[in-house]
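Shown next, in structure tokens, is the structure this report addresses.
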Amino acid sequence: MSMLRTTTLAAAALLSAGCYHATVTTGATPSAVEVIDEPFASGWIYGLVPPKTVEAAEKCTSGVAKVETRQSFVNGLVGMLTLGIYTPMHIRVTCAASTSAMVPSDAAQYLVSGDDPTVAQEVMTAAATEAFELGEAVVVRVGR
């Protein structure tokens with residue numbers, strides 16, 4: 001009878017250890033191509049020491065659209081087998097789609113050059129005024 005009780009308690013403990021899934025969205029349009037996927041990001045001591053930061057700035061030049069963290073069944077099994085010392089998680093970062101296509105190629109262009117902030121302010125004001133009056137995008141380029 002004791003063996004059945006122990007087996008039942010072990011099965012209940014295993015089944016009650018649920019997987020989790022958290023998603024953070026930024027509102028940006030997700031890219032269909034650019035994804036950073038780390039299925040075994042190393043966490044330690046039941047997650048008290050989190051995995052290293054995912055450096056997405058270099059790959060996601062248009063920003064980040066979505067970050068997902070989850071503990072899959074396999075991640076949880078590894079954590080259980082190591083008695084919680086090593087607790088991996090799955091991290092997936094979806095980059096934002098490029099926004100350069102939103103500006104038409106025939107848009108008015110302004111150039112800000114030099115180090116004089118007064119000139120830069122005048123150019124920005126003129127560009128903003130034209131964009132407002134036309135209801136269209138303008139391009140401001142900064143060069144030295």
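The values are calculated or read from the model by the stated rules, or taken from the named source; none is laboratory data. Predicted model only: the values in this text are computed from it and were never measured. A quick note on method: Cβ atoms are made from the backbone with ideal geometry, for glycine too, and the neighbour counts reach across all protein chains shown. Heavy atoms of the whole protein, side chains included, go into the accessibility calculation; ligands, DNA and RNA do not. Shrake-Rupley method; radii C 1.70, N 1.55, O 1.52, S 1.80 Å.
Laid out as a table, the results:
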quantity	calculated
Odd one out for residue 139, checked against (1) at pLDDT below 85; (2) open to solvent by 50 Å² or more (accessible area, probe 1.4 Å)	(2)
Unmet criterion (only one of (1) in contact with a Ser or Thr (Cβ under 6 Å, 6 or more places away or on another chain); (2) within 17 Å of residue 23 (Cβ to Cβ)) for residue 63	(1)
Which numbered condition residue 42 fails, given (1) within 30 Å of the chain's Cα centre (by Cα); (2) modelled with pLDDT under 80; (3) of a type in the set (S, T, N, Q)	(2)
Count of residues meeting criterion [without any contact (Cβ under 8 Å) to a residue 24 or more places away in the chain and either surrounded by 15 or more Cβ atoms within 10 Å (Cβ to Cβ) or of a type in the set (Val, Ile, Thr) (or both)] in the range 62-77	1
Condition met for residue 122 (surrounded by 12 or more Cβ atoms within 10 Å (Cβ to Cβ), assigned to a loop (DSSP other than H, G, I, E, B) and over 17 Å from the mean Cα position of the chain (by Cα))	no
